[in-house]
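J.: Supplied in structure tokens, the structure appears directly below.
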Amino acid sequence: MKKIEIINGPNLNLTGLREPAVYGTTTMEQMLSGLRGRWPEVELGYFQSNVEGELVDHIQRVGFEADGLIVNLGGYSHTSVALRDALLAVPAPKVEVHLSNIFAREDYRHHSLVTSACRGMICGLGLQGYELALRALL
């Protein structure tokens, strides 16, 4: 059984509630339930934290055993060298996801420090980005 871990950063716990015009009304729990229903043969883990160090610790904990990581590190994507280094330190293949199109937003969001540590990046497709990332890793 393949093991894929979704790792979400700050404010993604509010998906479905926060700025529905930008992020939609579906919660992460609903999205995760849908993915697990469509891919019962995949062990799909989930972790979310608003704390940078907890995200680093989790990447280090699962990144040596998982068959792939789907990472949406939110605002930390644009600022965290520590998260980039954690992703580079583990062998699991990674796909970066952003719900919104980071290139259509503020200039400081146009560059992600973690993209170069990932196989690819999906942005601007909302929660569908997680499904596409899962397909890419499988």
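J.: Just name the residue that is modelled with the lowest pLDDT out of those in segment 21-46 that are surrounded by 18 or more Cβ atoms within 10 Å (Cβ to Cβ) and closer than 24 Å to residue 102 by Cβ.
T.: 23
J.: Pairs, please: C-beta under 7 Å, at least 6 apart or cross-chain, first residue of a type in the set (D, E, K, R) and in segment 37-59, second surrounded by 13 or more Cβ atoms within 10 Å (Cβ to Cβ) and not in a strand (DSSP E or B)?
T.: 52/76; 52/80; 52/82; 52/83
J.: Quick test for you: out of 51, 62, 81, pick the one residue that is crowded, with 16+ Cβ neighbours inside 10 Å and modelled with pLDDT of 95 or more.
T.: 62
J.: Here is a further query. Kindly indicate the residue of segment 16-58 that is of a type in the set (S, T, N, Q) and part of a helix (DSSP H, G or I) and also nearest to residue 4 (Cα to Cα) among those meeting that condition. Outline the logic, then answer.
T.: If we filter segment 16-58 for residues that are of a type in the set (S, T, N, Q), which is where we start, we get 25-27, 30, 33, 48-50.
Then drop every residue that is not part of a helix (DSSP H, G or I), which leaves 30, 33.
Working: 30: 17, 33: 14 Å.
Result: 33.
J.: Considering only segment 6-20, I want to know if a residue exists there that is surrounded by fewer than 16 Cβ atoms within 10 Å (Cβ to Cβ), under 14 Å from the mean Cα position of the chain (by Cα) and either more than 23 Å from residue 92 (Cα to Cα) or without any contact (Cβ under 8 Å) to a residue 24 or more places away in the chain (or both). Step through it out loud before you land on a result.
T.: First, pick out the residues of segment 6-20 that are surrounded by fewer than 16 Cβ atoms within 10 Å (Cβ to Cβ): 11, 14, 17-20.
Keeping just the survivors that are under 14 Å from the mean Cα position of the chain (by Cα) gives 11.
Narrowing further to those that are either more than 23 Å from residue 92 (Cα to Cα) or without any contact (Cβ under 8 Å) to a residue 24 or more places away in the chain (or both): 11.
Looking for residues that are surrounded by fewer than 16 Cβ atoms within 10 Å (Cβ to Cβ), under 14 Å from the mean Cα position of the chain (by Cα) and either more than 23 Å from residue 92 (Cα to Cα) or without any contact (Cβ under 8 Å) to a residue 24 or more places away in the chain (or both), one finds at least one in segment 6-20, hence yes.
J.: Further question: The conditions are (1) touching a strand residue (DSSP E or B) at 6+ places or on another chain (Cβ under 7 Å); (2) at pLDDT below 95, and residue 119 fails exactly one of them. Which is it?
T.: All conditions are met except number (2).
The values are calculated or read from the model by the stated rules, or taken from the named source; none is laboratory data. All figures in this text were calculated on a predicted structure; none of them were measured in a lab. Positions of Cβ are generated from backbone atoms using ideal geometry, with glycine treated the same way; all protein chains shown enter the neighbour counts.
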